[in-house]
Amino acid sequence: MLSEDILIQRLGTIVGPEHVVAGPGASAYAVDGRIPRAVTFPGSVEELSAVIAFASAERLGVAPWGSGTKIALGGVPERLDIVVGLSRLNELVDYVPEDMTATFQVGMLLKDAQAILGQRGQWIALDPPYTDRATVGGVLATNSSGPRRLRYGAARDFLIATRVVHADGKITKGGAKVVKNVTGYDIPKMHVGALGTLGILAEATFRLYPIAPAEKTYLVAFSAVESEQRVIAQLLDSSLVPNAVELLDREAARQIAGQVGLPWQAGHYGLAVAIGSVPEAVDAQIAALRTLCGNGGGLHGHVLDGDTHHGFWRAVRNFTFGDGQRAVLKASVLLAKVSEAVRKGEEVATRAGLRLGIVAEAGSGILRYSLCGDRPEGFPQGVAEAVNTLRAFTREAGGSLVVLEAPPEVKARVDVWGPAGSAFSLMQRLKEQFDPQRILNPGRFVGGL
Amino acid sequence: MIRETRGFPSPFTPFKEVPPGNAKAAENPMLKDKARIVRELEKIIGPNGVICEEDELRVYDTDGLTIFKAMPDVVVLPSSAEQVAEVVKVCHRETIPFVARGSGTGLSGGALPLEGGVLIGLNRVNRILEVDYENKRAVVEPGVINVWLTNAIAPRGYYYAPDPASQIACSIGGNVAENSGGVRTPKYGVTTNHILGLEIVLPDGEVVELGGKTLDTPGYDLVGVFVGSEGTFGIATKVIARIMKKPEAVKTLMAVFENLEDASNAVSGIVAAGIVPVSLEMMDNNAIQAVEKGVGAGYPLDAGAVLVVEVDGPRAEVEALVHPITEVCKKNRVREVRVAKDDAERLLLWKGRKAAFAAMGQISPDYYVQDAVIPRTKLPQIMAYISELSKKYGLRVANVFHAGDGNLHPLILYDSRNEGELHKAEEMGSEIMKACIGMGGSITGEHGVGREKREYMPLMYTEDDLEAMKNVKRVFNPDGVLNPGKIFPTGAKDVKAGPLGQRGIVEKVLGHS
């Protein structure tokens, strides 16, 4: 094994010594409590390639790092020698507004990318959590998505080309910078949600969407989640075209309403529907929604507009619950099972003595459970029980459950990904083909890949 | 043994193509042990699902792109996923090359058995297994015809969005293999955006489930990787698709322009105005001539170009979009904008577009279609270039294409009875492709690489890029017995690029025989 000094020196030769951090400074880049031996910040795709080629030659365990917002996703690393920080890869590579495509280096903050595109009335149709801090690459590598996925799809649906640094340092491209292309295999999709285990994304090209001329939200309270579910089912069976349909449990509704200064009666579930279109069509759909919700038991409807509307969705995306010991679970279930999944979460949290907040993309069947505990000693076991129970439920309901974020003590007790089913052997083989030495985030992906 | 021939009337002697280094396929056991293997296949499927008479096999020797032909040794027509898996196991055990085929409407030679062997026809595996309105999912078998699904769910106000032009004939399994597009892609995307899960039979006969009814199943997005793999990764035996609620309103407009350039600029203008139409289709004068002779859709015969624009959604939105679209057209010197008043008018406008390929027979005995893509802003440039090429080669071109996503379909018109015209058409096609790549585009937007464009892959991808793709293929299809000879350049020295090179080989073989 390379000595510390030589490791740092070699990395310094590639990226410049001022872009290598080791010693105490490296502890800010710990993954699940494991501190890397060095952190390095390549300044170009070529430097990134050289770093990975070096890691490959020395069989060093590598973890790519965007801004670290979702670094808690995944299993505890099998080994970790270097963290490769991508924050210096933050350039706009090209952007042709009239073609509605844009290419970014992955270290760019999504927020900054959106600001550039926003000047031309366009955006990457992604509104994931960690709105202000997430990087383009981190969002892609973790397949992070948000409420408007209902209307626009997820990263897989509009990532059209990639440049990737492979485990041996080779740089390849996949896809093409045009909105429609079937030349060869769809390599970009392979890297979405792969946590950098098949290669490190360096550049990403997106098909862009126009920002809707107007968007408003209808927020309404329900006393029971079951009646809310019925209204959502009617809404999704209607000809309304919502951008987002979010179900908030009692805790999330209370907190989020509070954050944007809306009156909210404790104990009510929330339903928030965002409508985006030309202004007259927004208003027409909100009117239809009001009737639909009113007939279905909705109480105290609010129409949110302007800053309140934006602030509300920001709060939904960034919703977290509790400080200190905290775990976030993501369940994906059939649309008809969302309210049951909410009830199940409530039951499980009560039983485990945990506090709970849920935001659910009810039109996509995706729930995010935030759990926190007041008694640190029982927390890991409580969360582990919650994971097992909810996973059993989601599997019965044809879905899955992944731990997005949890302390290592929880990870020691549960499989954060859950089973990958009969496709797992293909996934293993894919990993073997693309990273035979297992240097890229070893042990962190599904099934310990 | 002779397998692949050109589709034009032979004096040519057919020849067998074996990619270099594929010794296994060259020792195709079908050749020496056919009777035994046929008996075994009959045991799985029953005698009326196995075809090995040459005149019946001939039905399967080409697909929608008739310039390539390749004869299978045997065709099997299983009627269940289980039978498919059993057949695949036999092929795997015996190392017999095999290929799956849906309705045979593919336009890149993707379903051709280039090395002979077993062709698995999936038309009988054609049940709609489940429609789950509550969860917006349908589960279908691969042989289900695209439009059957929409027809089945229409009474409840639902539809399946991807609608390739061949939707009354093409199968959903084929759509999955090719990642088919259609005319709704600017707003609703292509097949891959609508497929959530698959059951596949791997080339060794193992049955695996990818994805599911819910989103984001843990692990790699193998559904995303499989869709569009052109039948080289496995055979899909179940497809879980997203179904959508029909929009409240639809409006279809026809805009008539004096020339292609104005029409192209209008396309860019509509996109730049922040409008996402469902469809944005263009036809040039040659296409208009053909369509009017064929089906009489009411396009003005003297127009330089016609745009068909469709928007859908909530009624208020659709009403509001007609004006800005019309304004953009006016800015680009539109002669006339006609908004379909009712469904009958709307369908008539579409009838012309959808029948365009078929109508080409009205103005030319043969055509050769390209499928390249360019960034949308390059439309005026590429149209001008194609028209130059048309003059240079002395061949007419009819342009009928998906302007909204920059996906060209230049139909190069030729007459195969005229010595050398196909040759010229192919050469011109390859020049168009190269120009599109030069503008930052792609060689195929929806038809696939298949047999046809495999030698063009290096235009777009480096050796390392292709190696990454081959690595994925090795995961699914390590022995290469499933659908050999597709997508990747063969690199053989005597093979020039594409169909043209094909002809080169034929001539060479003839020369030596």
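The values are calculated or read from the model by the stated rules, or taken from the named source; none is laboratory data. Computed from a predicted structure; not experimentally measured. In this analysis, Cβ positions are derived from the backbone assuming ideal geometry, glycine residues included, and neighbour counts consider all displayed protein chains. Keep in mind that these areas ignore ligands, DNA and RNA; they rest on the heavy atoms of the full protein, side chains included. Shrake-Rupley method; radii C 1.70, N 1.55, O 1.52, S 1.80 Å.
Here is a yes/no grid of residues against (1) under 20 Å from residue A:418 (Cα atoms); (2) open to solvent by 10 Å² or more (accessible area, probe 1.4 Å); (3) assigned to a strand (DSSP E or B):
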{"position": "A:324", "(1), (2), (3)": "no, yes, no"}
{"position": "A:330", "(1), (2), (3)": "yes, yes, yes"}
{"position": "A:336", "(1), (2), (3)": "no, yes, no"}
{"position": "A:351", "(1), (2), (3)": "no, yes, no"}
{"position": "A:367", "(1), (2), (3)": "yes, no, yes"}
{"position": "A:385", "(1), (2), (3)": "yes, yes, no"}
{"position": "A:390", "(1), (2), (3)": "yes, no, no"}
{"position": "A:394", "(1), (2), (3)": "yes, no, no"}
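Restricting to segment B:197-214, and then to whatever is under 29 Å from residue B:278 (Cα atoms) and open to solvent by less than 20 Å² (accessible area, probe 1.4 Å), can you tell me which residue is nearest to the other protein chains (Cβ to nearest Cβ)?
Per the criteria, the residue is B:214.
Given the criterion in a loop (DSSP other than H, G, I, E, B), of a type outside the set (Phe, Trp, Tyr) and at pLDDT 95 or above, identify the matching residue among B:198, B:215.
Criteria check complete, one pass: B:215.
Report, by residue number, each residue of segment A:32-63 that is touching a strand residue (DSSP E or B) at 6+ places or on another chain (Cβ under 8 Å), open to solvent by 10 Å² or more (accessible area, probe 1.4 Å) and assigned to a loop (DSSP other than H, G, I, E, B).
Those that are touching a strand residue (DSSP E or B) at 6+ places or on another chain (Cβ under 8 Å), open to solvent by 10 Å² or more (accessible area, probe 1.4 Å) and assigned to a loop (DSSP other than H, G, I, E, B): A:37, A:41.
Might you let me know whether segment B:320-339 holds any residue that is in contact with a Lys or Arg (Cβ under 7 Å, 6 or more places away or on another chain), within 14 Å of chain A (Cβ to nearest Cβ) and closer than 23 Å to residue B:383 by Cβ?
Residues of segment B:320-339 in contact with a Lys or Arg (Cβ under 7 Å, 6 or more places away or on another chain): B:322, B:339.
From what's left, within 14 Å of chain A (Cβ to nearest Cβ): B:322.
Okay, now just the ones that are also closer than 23 Å to residue B:383 by Cβ, so none.
Checked against the condition, which is being in contact with a Lys or Arg (Cβ under 7 Å, 6 or more places away or on another chain), within 14 Å of chain A (Cβ to nearest Cβ) and closer than 23 Å to residue B:383 by Cβ, segment B:320-339 yields no hits at all.
Listed residues B:139, B:183, B:176; which is in contact (Cβ under 8 Å) with a residue 24 or more places away in the chain and in a strand (DSSP E or B)?
B:139
State all residues of segment A:175-199 that are more than 7 Å from every other protein chain (Cβ to nearest Cβ) and either without any contact (Cβ under 8 Å) to a residue 40 or more places away in the chain or aromatic (Phe, Trp, Tyr) (or both); if no residue qualifies, say none.
A:175, A:188
Any residue at all in segment B:172-186 that's at pLDDT 95 or above and among the basic types (Lys, Arg)?
No; the residues of segment B:172-186 include none that is at pLDDT 95 or above and among the basic types (Lys, Arg).
Looking only at segment B:470-480, filter to residues that are touching a Gly at 6+ places or on another chain (Cβ under 8 Å) and over 17 Å from residue A:436 (Cβ atoms); which one of those is farthest from the other protein chains (Cβ to nearest Cβ)?
B:477
Select the helices (runs of 4 or more DSSP H) contained entirely in segment A:197-304, then report the ones holding at least 3 residues which are touching a helix residue (DSSP H, G or I) at 6+ places or on another chain (Cβ under 6 Å).
Numbers: elements: A:225-236, A:250-259, A:279-295.
Output list reads A:225-236, A:279-295.
So, residue A:78, is that one of a type in the set (D, E, K, R), outside the structural domain of residue A:188 (by TED's automatic domain parsing) and either touching a residue at least 12 places away in the same chain (Cβ under 8 Å) or more than 16 Å from residue A:29 (Cα to Cα) (or both) or not?
Here the answer is yes, as residue A:78 does meet what is asked.
From B:459, B:422, which residue is crowded, with 20+ Cβ neighbours inside 10 Å, aliphatic (A, V, I, L, M) and not in a loop (DSSP other than H, G, I, E, B)?
B:422
Restricting attention to segment B:360-380, which residues are surrounded by fewer than 22 Cβ atoms within 10 Å (Cβ to Cβ), away from chain A (no Cβ under 14 Å) and assigned to a helix (DSSP H, G or I)?
The answer is B:361, B:362.
When the residues of segment B:384-404 are narrowed to those that are assigned to a helix (DSSP H, G or I) and more than 25 Å from the chain's Cα centre (by Cα), which ends up nearest to residue B:366 (Cα to Cα)?
Per the stated criteria, the residue is B:393.
Can you spot a residue in segment A:283-303 that is open to solvent by less than 10 Å² (accessible area, probe 1.4 Å), closer than 24 Å to residue A:372 by Cβ and touching a residue at least 24 places away in the same chain (Cβ under 8 Å)?
No.
Somewhere in segment A:106-120, is a residue open to solvent by less than 20 Å² (accessible area, probe 1.4 Å), more than 24 Å from residue A:68 (Cα to Cα) and within 11 Å of chain B (Cβ to nearest Cβ)?
no
Could you tell me whether residue B:313 is surrounded by 17 or more Cβ atoms within 10 Å (Cβ to Cβ) and more than 26 Å from the chain's Cα centre (by Cα)?
Here the answer is yes, as residue B:313 does meet what is asked.
Given the condition of a type in the set (A, V, I, L, M, F, W, C), surrounded by 23 or more Cβ atoms within 10 Å (Cβ to Cβ) and either at pLDDT 95 or above or in a helix (DSSP H, G or I) (or both), answer yes or no: does some residue in segment A:22-31 qualify?
So in segment A:22-31, the residues of a type in the set (A, V, I, L, M, F, W, C) come out as A:22, A:26, A:28, A:30-31.
Pick out the ones that are also surrounded by 23 or more Cβ atoms within 10 Å (Cβ to Cβ) and you get none.
So far as segment A:22-31 goes, no, none of its residues is of a type in the set (A, V, I, L, M, F, W, C), surrounded by 23 or more Cβ atoms within 10 Å (Cβ to Cβ) and either at pLDDT 95 or above or in a helix (DSSP H, G or I) (or both).
Filter segment B:248-274 down to the residues that are among the hydroxyl-bearing types (Ser, Thr, Tyr) and part of a helix (DSSP H, G or I), then identify the one that is surrounded by the most Cβ atoms within 10 Å (Cβ to Cβ).
B:264
Of the residues that make up segment B:124-143, is at least one hydroxyl-bearing (Ser, Thr, Tyr) and either out of contact with any helix residue (DSSP H, G or I) (no Cβ under 8 Å at 6 or more places or on another chain) or over 29 Å from residue A:362 (Cα atoms) (or both)?
No; the residues of segment B:124-143 include none that is hydroxyl-bearing (Ser, Thr, Tyr) and either out of contact with any helix residue (DSSP H, G or I) (no Cβ under 8 Å at 6 or more places or on another chain) or over 29 Å from residue A:362 (Cα atoms) (or both).
Find the residue count for segment B:155-173, including only residues that are more than 10 Å from chain A (Cβ to nearest Cβ), free of Cβ contacts under 8 Å to residues at least 40 places away in the same chain and open to solvent by 10 Å² or more (accessible area, probe 1.4 Å). Walk me through how you get there before you give the answer.
Narrowing segment B:155-173 to residues more than 10 Å from chain A (Cβ to nearest Cβ): B:155, B:159-173.
After this cut, where a residue has to be free of Cβ contacts under 8 Å to residues at least 40 places away in the same chain as well, the list is B:155, B:162-163, B:167-168.
Cutting the leftovers down to open to solvent by 10 Å² or more (accessible area, probe 1.4 Å) gives us B:155, B:167-168.
Final tally of qualifying residues: 3.
Given the conditions (1) under 23 Å from the mean Cα position of the chain (by Cα); (2) of a type outside the set (Phe, Trp, Tyr); (3) assigned to a loop (DSSP other than H, G, I, E, B); (4) more than 10 Å from every other protein chain (Cβ to nearest Cβ), report the number of the one that residue A:418 does not fulfil.
(4)
Quickly run through segment A:123-156 and pick out the residues that are open to solvent by 10 Å² or more (accessible area, probe 1.4 Å) and in contact with a Phe, Trp or Tyr (Cβ under 7 Å, 6 or more places away or on another chain).
Listed by number, the residues that qualify are A:123, A:152.
Do you know which of the residues in segment B:395-449 that are acidic (Asp, Glu) and within 28 Å of residue B:273 (Cα to Cα) is nearest to the other protein chains (Cβ to nearest Cβ)?
Going through segment B:395-449, the residues acidic (Asp, Glu) turn out to be B:405, B:415, B:419, B:421, B:426-427, B:431, B:446.
Next cut, within 28 Å of residue B:273 (Cα to Cα) only: B:405, B:446.
Details: B:405: 4, B:446: 6 Å.
Per the criteria, the residue is B:405.
Out of B:411, B:466, B:482, I need the residue that is open to solvent by less than 40 Å² (accessible area, probe 1.4 Å) and closer than 27 Å to residue B:281 by Cα. Which one?
One residue alone meets the criteria, B:411.
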